1. Of all trypsin sites (Lys or Arg not before Pro) in the range 191-275, which ones are in loop regions per DSSP and have a Cβ with at most 14 other Cβ atoms within 10 Å?
2. For the range 81-97, take each phi angle, set θ = phi - 60°, evaluate the Karplus expression 6.51 cos²θ - 1.76 cosθ + 1.60, and give the result in whole Hz per residue in order, putting x for glycine and proline.
3. Which ³J(HN,Hα) values in Hz, rounded to whole numbers, follow from the phi angles of the range 99-107 under the Karplus curve 6.51 cos²θ - 1.76 cosθ + 1.60, where θ = phi - 60° and Gly and Pro get x?
4. Pull up all non-local amide H partners of Leu210: gap of 5 or more, or a different chain, and H-to-H distance under 5 Å with H placed in the peptide plane.
5. Skipping prolines and chain starts, which residues have an amide H placed within reach, meaning under 5 Å, of the one on Gly248, given they are 5 or more residues away or on another chain?
6. Return the long-range amide H neighbours of Asp104 (sequence gap of 5 or more, or a different chain), with a cut-off of under 5 Å between placed amide H atoms.
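Any read-out appearing in this document is the output of simple, stated calculations on the displayed coordinates, not a laboratory observation. Note that this is a predicted model, so its numbers are computed, not measured. A quick note on method: Cβ atoms are made from the backbone with ideal geometry, for glycine too, and the neighbour counts reach across all protein chains shown.
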Amino acid sequence: MSPVVPEPLPFPKRWPWLALGLVVGLAALAVIGLLHQREETARRAEGQATLFANELRDAVREITTFGATVPHGDLARALRPVIRSTATTAGARLDRLRATLGGDRRADELRLQLDAVRFAAASDQDDATAYAARLTASANRMAATAEAIADDQHARATVTGRETLAGATIAVLAGMTLLGLALQRAHRLLVAFGRRLAAAIGDDGRVYRLGGDEFCVLSRPGLDVAPRVRRAVAGGDDPRDPVRGSCGLALWPGDAPTAREAMRLADERMYAAKGASGRRTAA
């Protein structure tokens, strides 16, 4: 066994620190969860906008290729059902994008432009060349708008991802700070308790730390230091002292045949007293 030495230990009264740590941890998790959700939403919107733009451009290319195989006089009539089908598919894609964005003026503009294309496909069109040109121009504008939305959402997701990482870092640092404060507080309290116990015993015995918040007092033969130990454990001269404990006493060879058995018996009595009082610090 070694004399009492300062070293970090858990705070004797842990629940206030645990409660504070729990509150800070839950708040940090809530903020990180919110940031992560925002990042995921931005990533999803980016993907949907990019897919909308790509599908729209692919559809225009396919319609253009199809139109090249149709006689010029039948072009408008042949393209109308193809355009209506493409507009319906694009409309469903756009509705999902608008729901993900939760409100974006450009998404509303895309809806108006798509409705205009659908209306044009349902109307009579005499000039097939002008009809195809307007269709291509409208599709290109919508694709460019969707790509701009995708770029904005990509930038937003990137920034939010960095904020999430920063929030997680802050949460870890806050937790480590609380833990450090708790350990430092426990260090001071237990060292003060050990010193108070050693001062109460004086030259009539030695004080040792067994581990955790447990101490052992060995007195010189023929000396009764139990009253002083109990007084020190009870708070010394200050009844408001926050460091208190429970103690168990065993005499050797009166209570046990060996010193080891005496220490075991004292330990059992200490834990019995500790359980009865509900205290954490023990001697």
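1. Arg240
2. Using θ = phi - 60°, the values come out as x, 5, 5, 4, 5, 5, 5, 5, 5, 5, x, 5, 5, 5, 4, 5, 5 Hz.
3. 5, 5, 5, x, x, 8, 4, 5, 5
4. Hits under the 5 Å cutoff: Phe215, Cys216.
5. So Gly248 has HN proximity to Met270, Ala283.
6. none
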